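Working notes for the structure below.
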Amino acid sequence: MRKKSGNRIVAMIPVRNEACRYLFQVLEHLSLWVDKIVVLDDASEDDTYEVAKSFNKVIAYKNEKTLFVENEVALRAKLWDLTIRQEPDWIVAIDADEIFEDRIVDEVEFLINQDYYDAVYFRIFDFWASQTHYRVDGGWNPWVKFQLFLVRYDPHLNYTWPQREIHCGRFPMPCQDFIPYYSDIRIKHFGWAEEREHYKKYLFYRDKDLKIHGQILPHTQSILVSPKSNDLEKWCNSKRLYFLRDGNNEGKGADFKNAAS
């Protein structure tokens, strides 16, 4: 049964060798607006596990051997099973280099304490060779596609995962068929912010393309293409709606439904 108040959010994050990247910043920001954070360390060789454990809201687990390289779906499925043990009302799936813009802190109650939508989609912005500009050319254009990051958990449903070696999605089926809401709150993705990491990532996705598709896909090829100046856009923070956080949340479920109609 959908609840219109008192809903709890549990975040789930797969991590590997993230201690010196963005993990601390990601966990610090999540701690502002979720109730618990389940972290699955995929056999890191640095202090990732220790960084995660330093946060009060984190429940951390660690694999002895890495799963992601050979079988992403096995990693995602294990993380999901660990997360639902916390009996969440909502689950947010996020990676260790992704951060919601600050508006989420004020508006999350508005998003989850309603009884109409079960899935919330957001746009993700790929910061390219910097932490100030994101890429907007071709398949990298963030305005084109919304992605599923937040779902209402129903313990009575049968959840299954697609059998894909990579790009299996953040959530199992049938989450993709839930009643959706498309939020204008944005997500910053810093996975491409360090240019020195690009070639290593290109090799990984190139090998996956050749194995699965028999050819290198255009999106993968574009990793090595240096964007022109007009293909990069400077990030500007959107205005926060503090009154949603500080005011009375009663009745916001109805407002949410009407606003999205």
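Within the bounds of segment 123-138, is there any residue that is over 15 Å from the mean Cα position of the chain (by Cα), modelled with pLDDT under 95 and assigned to a helix (DSSP H, G or I)?
yes
Can you work out which of the residues in segment 12-28 that are touching a strand residue (DSSP E or B) at 6+ places or on another chain (Cβ under 8 Å) and either assigned to a helix (DSSP H, G or I) or among the charged types (D, E, K, R) (or both) is nearest to Ala77 (Cα to Cα)?
Among those that are touching a strand residue (DSSP E or B) at 6+ places or on another chain (Cβ under 8 Å) and either assigned to a helix (DSSP H, G or I) or among the charged types (D, E, K, R) (or both), it is Arg16.
Return the residue satisfying two criteria in turn: it lies in segment 150-169 and is modelled with pLDDT of 95 or more and assigned to a loop (DSSP other than H, G, I, E, B), and of such residues it is nearest to Phe125 (Cα to Cα).
So the residue we want is Tyr153.
Consider Asp81 against the criteria (1) in contact with a Cys (Cβ under 8 Å, 6 or more places away or on another chain); (2) within 19 Å of Trp161 (Cα to Cα); (3) surrounded by fewer than 16 Cβ atoms within 10 Å (Cβ to Cβ): it satisfies all of them except one. Which criterion is unmet?
Exception for Asp81: condition (1).
Which ones in segment 35-49 are buried (at least 21 other Cβ atoms within 10 Å of the Cβ), not in a helix (DSSP H, G or I) and not acidic (Asp, Glu)?
Result: Ile37, Val38, Val39, Leu40.
Quick one: how many residues across segment 170-202 are over 25 Å from Gln114 (Cβ atoms) and not in a helix (DSSP H, G or I)?
7
What pairs can you find where one residue is in segment 76-93 and in contact (Cβ under 8 Å) with a residue 24 or more places away in the chain and farther than 14 Å from Val15 by Cα, the other is of a type in the set (Gly, Ala, Ser) and surrounded by 17 or more Cβ atoms within 10 Å (Cβ to Cβ), and their Cβ atoms are less than 8 Å apart, with a gap of 6+ or different chains?
Short answer, once both residue conditions are applied: Ile91/Ala11; Val92/Ala11.
Go through Ser31, Ser5 for me and flag whichever is surrounded by fewer than 23 Cβ atoms within 10 Å (Cβ to Cβ) and either touching a strand residue (DSSP E or B) at 6+ places or on another chain (Cβ under 9 Å) or β-branched (Val, Ile, Thr) (or both).
Step by step, each of Ser31, Ser5 is checked, and only Ser31 is surrounded by fewer than 23 Cβ atoms within 10 Å (Cβ to Cβ) and either touching a strand residue (DSSP E or B) at 6+ places or on another chain (Cβ under 9 Å) or β-branched (Val, Ile, Thr) (or both).
Return the residue satisfying two criteria in turn: it lies in segment 50-71 and is in contact (Cβ under 8 Å) with a residue 12 or more places away in the chain and not in a loop (DSSP other than H, G, I, E, B), and of such residues it is surrounded by the most Cβ atoms within 10 Å (Cβ to Cβ).
So, considering only residues that are in contact (Cβ under 8 Å) with a residue 12 or more places away in the chain and not in a loop (DSSP other than H, G, I, E, B), the one surrounded by the most Cβ atoms within 10 Å (Cβ to Cβ) is Ala52.
How many residues, within segment 203-247, are of a type in the set (Gly, Ala, Ser) and not in a loop (DSSP other than H, G, I, E, B)?
2
Looking only at segment 97-106, decide whether some residue is in contact with an Asp or Glu (Cβ under 9 Å, 6 or more places away or on another chain), assigned to a loop (DSSP other than H, G, I, E, B) and either aromatic (Phe, Trp, Tyr) or in contact (Cβ under 8 Å) with a residue 24 or more places away in the chain (or both).
Scanning segment 97-106, I find at least one residue that is in contact with an Asp or Glu (Cβ under 9 Å, 6 or more places away or on another chain), assigned to a loop (DSSP other than H, G, I, E, B) and either aromatic (Phe, Trp, Tyr) or in contact (Cβ under 8 Å) with a residue 24 or more places away in the chain (or both), so the answer is yes.
Which condition breaks for Leu111 when tested against (1) assigned to a loop (DSSP other than H, G, I, E, B); (2) touching a strand residue (DSSP E or B) at 6+ places or on another chain (Cβ under 7 Å); (3) among the aliphatic types (A, V, I, L, M)?
Going through (1) assigned to a loop (DSSP other than H, G, I, E, B); (2) touching a strand residue (DSSP E or B) at 6+ places or on another chain (Cβ under 7 Å); (3) among the aliphatic types (A, V, I, L, M) one by one, Leu111 breaks only (1).
Kindly check whether there is at least one residue in segment 204-212 that is of a type in the set (Asp, Glu), surrounded by 14 or more Cβ atoms within 10 Å (Cβ to Cβ), over 16 Å from Phe100 (Cα atoms) and out of contact with any Ser or Thr (no Cβ under 6 Å at 6 or more places or on another chain).
Within segment 204-212, not a single residue is of a type in the set (Asp, Glu), surrounded by 14 or more Cβ atoms within 10 Å (Cβ to Cβ), over 16 Å from Phe100 (Cα atoms) and out of contact with any Ser or Thr (no Cβ under 6 Å at 6 or more places or on another chain).
Would you check which residues across segment 19-62 are of a type in the set (Asp, Glu) and within 18 Å of Phe100 (Cα to Cα) and list them?
Result: Glu28, Asp35.
Could you check how many residues of segment 23-71 are farther than 16 Å from Leu82 by Cα, touching a Leu at 6+ places or on another chain (Cβ under 7 Å) and among the β-branched types (Val, Ile, Thr)?
Total satisfying the criteria: 2.
Being surrounded by 17 or more Cβ atoms within 10 Å (Cβ to Cβ), over 11 Å from the mean Cα position of the chain (by Cα) and within 23 Å of Phe68 (Cα to Cα) is the filter here, so list the residues in segment 167-189 that pass it.
Cys168, Pro172, Cys175
The values are calculated or read from the model by the stated rules, or taken from the named source; none is laboratory data. The structure presented is a predicted model; accordingly, all values stated were derived computationally and were not measured. Don't worry about glycine lacking a Cβ; one is built from the backbone with ideal geometry, like all the others, and counts go over all protein chains shown.
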